[in-house]
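> Quick one: this structure, given as structure tokens, is what I'll be asking you about.
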Amino acid sequence: MNDKVRNNKAWWLILPMLLLVAFSAIIPLMTVVNYSVQDVFDAQTRYFTGTEWFVQMLNDPALQSALGRQFVFSLTILAIEVPLGIGIALLMPKKGWQASAVLILVTLPLLIPWNVVGSIWQIFTRGDIGLMGWSLRELGYSYNITRSPLDAWITIIIMDVWHWTPLIALLCYSGLRAIPEAYYQAARIDRASRWAIFRYIQLPKLTNVLVIGILLRFMHSFMIYAEPFVLTGGGPGSSTTFLSQALAIMATAQFDVGPSAAFSLIYFLIILLVSWVFYTAIMNMQKDKKERGA
Amino acid sequence: MAEIALKSLAHSYLATPGSPEDYAIREMTHVWQQGGAYALLGPSGCGKSTLLNIISGLLEPSSGEVLFDGQVVNALSPEHRNIAQVFQFPVVYDTMTVYDNLAFPLRNVGTSEDKVHERVLEVADVLELTPQLKRKAKNLSADEKQKVSMGRGLVRDDVSAILFDEPLTVIDPQLKWKLRRKLKEIHQRFNITMVYVTHDQLEASTFADKIAVMYEGQVVQFGTPRELFERPAHTFVGYFIGSPGMNLFDVRARDGEIVAGDTIIPLGRGIYDAVAKASSNNVKLGVRPEFVEVHVAPVEGGIEVTVDDIQDLGTYSILSLHLGDIALKARIDEDSPTPHNNAFIRFPDDRIGLYVDEFRVEIDHE
């Protein structure tokens with residue numbers, strides 16, 4: 001016989017966590033969901049619109065091109081930052097005072113707030129007083145980020161690479177430090193080339209940190225806002241207007257809460273989808289062939 | 001395949017070693033003959049792995065030379081020494097299949113795929129890895145991974161030697177025994193010099209023809225398992241080999257007799273002379289528990305001892321005895337009479353060893 005006293009009071013113990021999650025995630029998200037299906041005129045007047053805002057947003061040419069730019073930007077910086085970060089991590093000294101010194105130098109850009117990074121580069125690239133802008137002009141290149149979309153793009157990409165490659169480098173550095181010495185010894189005994197050591201020992205052992213690094217960088221860059229906003233203001237024209245900025249203009253300047261709520265959700269789902277596909281693909285790579293098919 | 005010689009080899013991990021204790025390997029000269037199966041036996045931290053890494057070239061010795069077939073190879077990296085080494089913990093290339101793992105050392109030197117295929121299948125067969133060949137190494141169990149590690153060493157048939165650094169630590173006991181047999185088989189089949197590091201005497205004696213016992217950075221004895229058992233060259237070998245280890249106790253010569261504590265030990269003239277002549281105060285007698293004669297009743301030349309404990313291990317028993325302050329162990333067969341409270345023991349002259357400053361001194365028995 002079961003003579004245990006049934007007592008469900010322990011369920012109350014999850015209440016604090018439930019409240020925390022509710023206030024930090026569920027309630028704000030639901031507010032957005034709420035707005036996304038209504039047309040709000042004032043505190044008393046509102047109409048249910050269903051999927052109308054979603055359809056409208058998906059067909060909006062300005063947002064479509066911002067989304068396209070956003071993908072180009074995120075993929076470009078990932079294509080540069082990941083290999084560069086791995087390369088830097090491989091070159092960083094492993095012990096002694098040099099290791100600490102290099103570590104601090106590499107970390108430095110990560111400590112600077114986003115909008116300050118924008119300001120730094122805004123001044124840095126000015127043709128009259130900025131070191132980079134002035135030097136390029138003196139070298140005969142008519143560099144101007146407020147006129148040339150290409151200059152603006154290249155500058156934003158360089159700025160992002162400068163700001164965020166250290167994150168990848170640090171993650172990889174810690175990943176490399178965690179590889180036991182025996183692996184390198186075994187590789188030497190097996191007469192592996194430097195490339196083979198990288199390809200078959202270092203890179204596989206970096207997979208986990210790289211997954212974290214790439215996901216973080218993807219999400220971060222997909223939501224980039226302050227840096228290009230300060231540097232170019234989204235221009236020239238709308239050539240560097242990325243999604244967050246397009247959204248911010250709509251939500252705050254034009255006060256279209258319904259459409260911008262709908263777009264926020266679409267935005268969120270895109271990030272979720274891309275991250276999930278990427279993560280699943282990487283994890284699937286590590287399985288055996290026969291398991292993979294199943 | 002090669003004969004490996006170590007000449008006046010010494011190694012310290014410190015930049016400026018002073019005392020002998022600073023050395024992980026104290027100066028030694030040693031030869032591993034081509035085609036031998038050797039074990040390097042010793043407790044943790046005695047320098048076994050250091051010595052192995054010096055032979056393979058992962059570590060450069062502080063002084064002395066390593067010679068392969070008479071050629072000094074000190075300056076050669078492991079890649080150029082053509083030597084295989086298996087480590088204590090499995091090292092596999094995670095993203096590769098078992099097949100590719102085994103093929104890796106061959107492909108690195110551009111071996112033809114036909115040859116690679118043939119060797120991989122042969123080694124996989126010996127190690128019973130054939131069903132796993134297509135699996136990714138990452139997903140194997142620890143002992144399968146270790147078999148892959150060993151396979152990468154065995155797949156190269158032209159190596160100077162294969163070094164094993166406690167390779168069976170992670171393997172469960174049943175498979176351990178089987179793999180040791182496999183290694184022995186492989187050794188007989190390919191006639192490759194093998195050096196097997198372990199701290200397990202059973203593992204050493206089942207694998208090796210000759211065992212080098214290491215203690216505090218030096219090889220204290222190099223011999224067959226039988227020699228190590230019957231004539232330990234150093235008190236450490238006596239204590240380390242055998243279960244339980246050798247009985248060792250301090251003795252001195254007094255008025256024509258050998259005494260241990262206050263007890264007179266009746267032994268032959270030859271032993272007394274050797275004890276009396278000893279140049280040091282550190283004089284010990286050693287006798288294996290197997291060779292201690294135990295009698296229930298007084299016998300001629302028998303020393304009375306108290307019996308503290310009897311451990312019945314089935315076919316034999318281990319007695320814990322006290323001779324004055326000296327604790328001794330004796331091993332008796334199951335059919336010999338078991339003493340109670342006290343017993344009378346004798347040490348056969350030819351089974352006793354004399355150790356001066358811990359090293360064995362040969363006795364001239366008249």
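The numbers here are math on the coordinates, done by the rules we state, and not lab data. Given the structure is predicted, the values throughout are model-derived calculations rather than measurements. Cβ coordinates were reconstructed from backbone atoms using ideal geometry, including for glycine residues, and neighbour counts include every protein chain displayed.
> Amide H neighbours of B:Ala161 under 5 Å, at least 5 residues apart or on other chains, H built in the peptide plane: list them.
Those lying under 5 Å, H to H, from B:Ala161 are B:Ala84.
> Roughly speaking, what is the centre-to-centre gap between region B:21-70 and region A:136-175 when only Cα atoms are used, to the nearest Å?
Spelled out, the Cα-based centre of one part sits 54 Å from the other.
> How long is the protein assembly as shown along each principal axis, judged by its Cα atoms, biggest number first, in Å?
Answer, in whole Å and largest first: 119, 80, 51 Å.
> Continuing with this model, one more query. Taking K and R as +1 and D and E as -1, what net charge do the other residues with C-beta under 15 Å from the C-beta of B:Met28 add up to?
0
> Related question: List the residues, sorted by chain then number, that are 5 or more residues from B:Gln34 or on another chain and whose placed amide H is less than 5 Å from its amide H.
Answer set, sorted by chain and number: B:Glu3, B:Ile4.
> What is the magnitude of the charge dipole of the protein assembly as shown about its Cα centre, with +1 placed on the Cβ of each Lys and Arg, -1 on the Cβ of each Asp and Glu, and no other charges, expressed in debye to the nearest 20?
That gives a dipole near 2700 debye.
> Write down the Å³ per residue value for the convex hull defined by the alpha carbon atoms of region B:179-230.
Roughly 81 Å³ of hull volume per residue.
> Add +1 for every Lys or Arg and -1 for every Asp or Glu among the other residues with Cβ under 14 Å from the Cβ of B:Val294, and state the total.
Cβ neighbours under 14 Å give a net charge of -3.
> Each residue of region B:328-342 in turn: what ³J(HN,Hα) in whole Hz from Karplus with 6.51, -1.76, 1.60 and θ = phi - 60°, glycine and Pro shown as x?
Result, ordered by residue: 10, 10, 9, 10, 10, 6, 5, 8, 7, x, 8, x, 10, 6, 9 Hz.
> Now for a different question. Can you give the average number of partner chain beta-carbon atoms within 10 Å of each beta-carbon in peptide B:55-61, as a whole number?
Across B:55-61, the average partner-chain Cβ count within 10 Å equals 2.
> Pop out the ³J(HN,Hα) list for region B:14-29 in order, Karplus 6.51 cos²θ - 1.76 cosθ + 1.60 with θ = phi - 60°, rounded to Hz; leave Gly and Pro as x.
Values, residue by residue: 8, 6, 10, x, x, 6, x, 5, 6, 9, 6, 10, 8, 3, 8, 10 Hz.
> When A:Phe222, B:Phe359, A:Phe263, A:Phe41 are ordered from fewest to most other Cβ atoms inside 10 Å of their Cβ, what list results?
Fewest-to-most Cβ neighbours within 10 Å comes out as A:Phe41, B:Phe359, A:Phe222, A:Phe263.
> Now for a different question. Looking at region B:116-212, which trypsin sites (Lys or Arg not before Pro) are in a loop (DSSP not H, G, I, E or B) and have at most 15 other Cβ atoms within 10 Å?
B:Lys134
> Another question about this same structure. Divide by every residue of chain B the summed helix terms, -39500 (n - 2.57) for each DSSP H run of at least 4, and state the resulting mean residue ellipticity at 222 nm, rounded to the nearest 500 deg cm²/dmol.
So the helix-based figure for chain B works out to -7500 deg cm²/dmol.
> If eta is 1.567 mPa s and T is 4 °C, what Stokes-Einstein diffusion coefficient results for region B:4-239, Kirkwood Rh from Cα pairs, in µm²/s?
The estimated diffusion coefficient comes to 70 µm²/s.
> Checking understanding here: applying a Kyte-Doolittle mean of at least 0.0 and a length along the axis of at least 30 Å (C-alpha), which whole DSSP H helices in chain A pass?
A:61-91, A:149-177, A:257-285
> Using only alpha carbon pairs under 8 Å that are at least six residues apart, calculate the relative contact order of region A:47-282 and give it in whole percent.
Reported as a whole number, the value is 30 percent.
> When only C-alpha pairs under 8 Å and at least 6 residues apart count, what is the relative contact order of chain B, in percent?
Relative contact order comes out at 16 percent.
> Measure out, as a whole number of angstrom, how far apart the alpha-carbon centroids of region B:288-366 and region A:79-97 sit.
66 Å
> How big is the Rg/Rh ratio for chain A, C-alpha atoms only, Rh by Kirkwood, two decimals?
Using only Cα positions, Rg/Rh for chain A is 1.07.
> Add -39500 (n - 2.57) for each DSSP H run of 4 or more in chain A, then divide by its residues: what number comes out at 222 nm, to the nearest 500 deg cm²/dmol?
Roughly -21000 deg cm²/dmol at 222 nm, from the helical runs in chain A.
> Sticking with this one: How high is the relative contact order of region A:116-170, in percent, with contacts defined as C-alpha pairs under 8 Å that are six or more residues apart?
21 percent
> What list do you get for A:Trp164, A:Trp134 if you sort them by fewest beta carbons within 10 Å?
Ordered by Cβ neighbours within 10 Å, fewest first: A:Trp134, A:Trp164.
> With θ set to phi - 60°, apply the Karplus curve 6.51 cos²θ - 1.76 cosθ + 1.60 along region A:39-52 and write out the HN-Hα couplings as whole Hz, x wherever there is a Gly or Pro.
With coefficients 6.51, -1.76 and 1.60, one gets 10, 9, 9, 8, 4, 9, 9, 8, 10, 6, 10, x, 8, 3 Hz.
> Another question about this same structure. Rank the residues A:Val211, B:Val287 as a footprinting-exposure proxy: fewest other Cβ atoms within 10 Å of their Cβ go first.
In order of increasing Cβ crowding within 10 Å: A:Val211, B:Val287.
> How many percent of Cα pairs in region A:90-200 exceed 20 Å?
It works out to 59 percent of all Cα pairs.
> Further question: How much of the calculated P(r) for region B:245-361 lies past 18 Å, in percent of all Cα pairs?
So the portion of pairs separated by more than 18 Å is 49 percent.
> Which net charge results for the neighbourhood of B:Gly47, defined as the other residues with beta-carbon distances under 11 angstrom from its beta-carbon, given Lys and Arg at +1 and Asp and Glu at -1?
+1
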